[in-house]
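Some notes on the structure that comes next.
The values are calculated or read from the model by the stated rules, or taken from the named source; none is laboratory data. A quick note: this is a predicted structure, and the numbers were derived from the prediction, not measured. FYI the Cβ positions are ideal-geometry reconstructions off the backbone, even for glycines, and counts take in every protein chain you see. Quick note on the areas: whole protein, heavy atoms, side chains included, nothing else; ligands and nucleic acids left out. Shrake-Rupley method; radii C 1.70, N 1.55, O 1.52, S 1.80 Å.
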Amino acid sequence: MSMVMPKMNYLAEPKGLWSWIVTYDHKRIGLLYLAAITLFFAIAGFLAILIRTELLYPGQDIMDANTYNQVFTLHGAIMIFLFIIPSIPAALGNFVLPLMIGAKDVAFPKLNLASWYIYVFGSIFAIYSILASAVDTGWTFYTPYSTTTGTAVISMTLGAFILGFSSIFTGINFIVTVHKMRAPGMTWYKLPLMIWALYATALIQVMATPVLAITLLLLVLERWLGVGIFDPALGGDPVLYQHFFWFYSHPAVYIMILPALGIISELIATFSHKKIFGYKFIAYSSLAIAFTSFLVWAHHMFTSGQSELAAMIFSFITFFVGVPTGIKIFNWLLTMYKAQIDLRTPMVYALSFIFLFTIGGLTGIFLGALSVDIHLHDTYFIVAHFHYVMMGGTVIAFLGGLHFWWPKMFGKLYNETAGRIGAAIIFVGFNMTFLPQFVLGSQGMPRRYWTYVDAYQPLHAFSSYGSFILGLGFILVFVYLMHSLIWGRQAPKNIWGSLTMEWETTSPPHPHNFEEDKVLQHGPYDYDKVLIDRDEALTDYGYDTTTGEPGEHRESVAKE
Ligand code: HEM
Ligand SMILES: [Cu+2]
């Protein structure tokens, strides 16, 4: 019996382009964000390749110094505001959150659609600024240079200002949905850990983002009306700008990484087919991370001339942030201990994440130490550190989540072998690009420099070739996923044998998520109690349940 796409699914019903433009369906809104962030990742990724090409040799290669300043600024600003902040919460989170809690949609569907259009509106401002005269200040828009430079700072910062509201409204929607829309029986300790992570992220989105909005508004006012706030020439204080900016941007890095940590918890439990170790510790560590993230912003300013006492306090608290994160990593390792791990593509990304994010996290601890940071601040060590966290962490987890939920989102299976090859190429390309940058930085190579002394050339070249391989890896992933949309096999309800509720509906889901009202039957990780019939549809294809390749049939029994 071969499987066919269910007629009643959210991709097909309701019909017509207009139904997508005015959709209130969280699943469709998630896909709209997915398309937009993919485009922005491609643009910012291309800019990254231009940066790396320019740095292949010292001196001018493909662009002059001014253009270089604009290119790395855009790379960073697009990656941060248009790709990574909405990537997991607004794209994957929008699709999966209501499904995971057994709800028909988010609490405020109209606000959800409005958040999408605010995102589009903010992107238009950002794109306009690129076309007008791309900003050359760095993605942090530090004053007084951003007050005086002739590039289009106002439209870019207004773009970031507007995008912030899309993030705030999405956060409000998620908080109310988690409180009010859970299926009967789904108490807080029955929630999937992805939901705890999205909930903690939403708290930061709602509480931190207004600070960025105010800061950028003040910068626009100073530029526009000459009101002295940050520019010393106007009687302002540039360090005040840094305090305001990082008071948002440090918690913002947790808006980027917390949802990623949520995805990894789901992948580790599903592909270890084991009850997750220390559920409550992992759940509460998300809230602990959200809370401590508000207490460390000035560790970005150890060289700004702040007092030694202030620097010592921020350094001390920074070490604490590592504790709740460490809890997650240890609990994942203990969950995998003695498990029969199913090494599918999403799990390959999960294991890559643990390796890469640990390097990112540990080098963050180095940088929390005052004496070390003063030496490494504004060098390539910093560039390597945040790429290990944001790319080795969030982007890798995003890819893991995308491959995990792809069969559910589109009802199609991608080629598993291509999936694992893509993950391997990305892992190798990534480490080739960023590992040498730790060495370059510790040898004194400053960031944001268009040229360098000859001694650095071999490592820079190695890093550049690595980035080309990394780029190829992303292209391969894009190609086989697009291929699966047209020629992929139909996906069953629950290809991975996962116990969370989104796998109880069809692939793709019914327009209203479930055909009947959901009531919780078992916990999200009760693999010791429930052996879900994950092989059901796989055996329909005659797939071997361990390799996923065509082969022998295997019976399954429900223990409950
Ligand atoms: C696709 C592979 C990527 C490569 C090859 C790459 C490469 C680089 C390089 C070489 C720089 C340093 C430029 C300089 O200081 O002169 C840089 C800066 C930066 N990158 Fe990436 N990057 C990549 C992906 C990402 C991702 C996924 C993010 C975050 C989501 C990101 C965020 C940033 C930020 C914020 C900066 C700082 C820009 C500034 O100094 O203003 N990058 N990137
Ligand atoms: Cu920080």
remark   = Given the candidates Ser115, Tyr241, Tyr414, the one whose Cα lies deepest towards the positive end of the charge dipole of the chain, counting +1 at each Lys or Arg C-beta and -1 at each Asp or Glu C-beta, is Ser115
note = Around Tyr57 (Cβ within 15 Å, Cβ-to-Cβ, excluding Tyr57; K/R +1, D/E -1) the net charge comes to -3
note = Ranking Trp18, Thr151, Met445 by how far each Cα lies towards the positive end of the charge dipole of the chain (+1 on Lys and Arg Cβ, -1 on Asp and Glu Cβ), the top one is Trp18
request  = Could you work out the relative contact order of the stretch 339-403, using alpha carbon pairs under 8 angstrom and six or more residues apart, expressed as a whole percent?
outcome  = 55
remark   = Residues whose modelled amide H sits under 5 Å from the amide H of Thr379, counting only those 5 or more places away in sequence or on another chain, are Arg447
remark   = With +1 at each Lys and Arg Cβ and -1 at each Asp and Glu Cβ, the charge dipole magnitude of the chain around its Cα centre, to the nearest 20 debye, comes out at 740
Taking the convex hull of Cα positions in the chain, its mean projected area over all directions (nm²) = 25.0
key: Violating pairs (Cα-Cα greater than 30 angstrom) within the set Lys7/Lys275; Lys338/Lys412; Lys15/Lys412; Lys110/Lys274; Lys275/Lys518   = Lys7/Lys275; Lys338/Lys412; Lys110/Lys274
ask   = For the stretch 363-447, what % of the accessible area comes from carbon and sulfur atoms, probe 1.4 Å?
value = 74
query = Residue farthest toward the positive end of the dipole of the chain, with Cβ of Lys/Arg at +1 and Asp/Glu at -1: which of Ala290, Met501, Leu39?
reply = Met501
query = Ser464: net charge of surrounding residues, Cβ under 11 Å, Lys/Arg +1, Asp/Glu -1, itself excluded?
reply = -1
request  = May I ask you to derive the relative contact order of the chain, considering only C-alpha pairs under 8 Å and at least 6 residues apart, and to give it as an integer percent?
outcome  = 18
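Which shape class, rounded, prolate or oblate, goes with the stretch 5-100 when its Cα gyration tensor gives a ≥ b ≥ c as root eigenvalues, a/c under 1.5 marks rounded, and past that a/b bigger than b/c marks prolate?
Note, shape of the stretch 5-100 comes out prolate.
Within the chain, which is the longest segment containing none of the trypsin sites (Lys or Arg not before Pro) that sit in a DSSP loop and have at most 11 other Cβ atoms within 10 Å?
Result, exposed sites excluded: 16-337.
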Per residue accessible area of the chain, 1.4 Å probe, in Å² = 39
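At a Förster distance of 22 Å, what's the computed FRET efficiency of Leu56 paired with Phe478, Cβ-Cβ distance as r, to 0.05?
0.35
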query = Relative contact order for the stretch 202-355 using alpha-carbon pairs under 8 Å, separation at least 6, rounded to a whole percent?
reply = 26
query = Taking amide hydrogens as modeled 1.01 Å from N in the peptide plane, which residues meet the under 5 Å criterion relative to Thr23, leaving out close sequence neighbours?
reply = none
Local electrostatic count at Leu485 - Lys and Arg +1, Asp and Glu -1, tallied over other residues with Cβ under 15 Å = +3
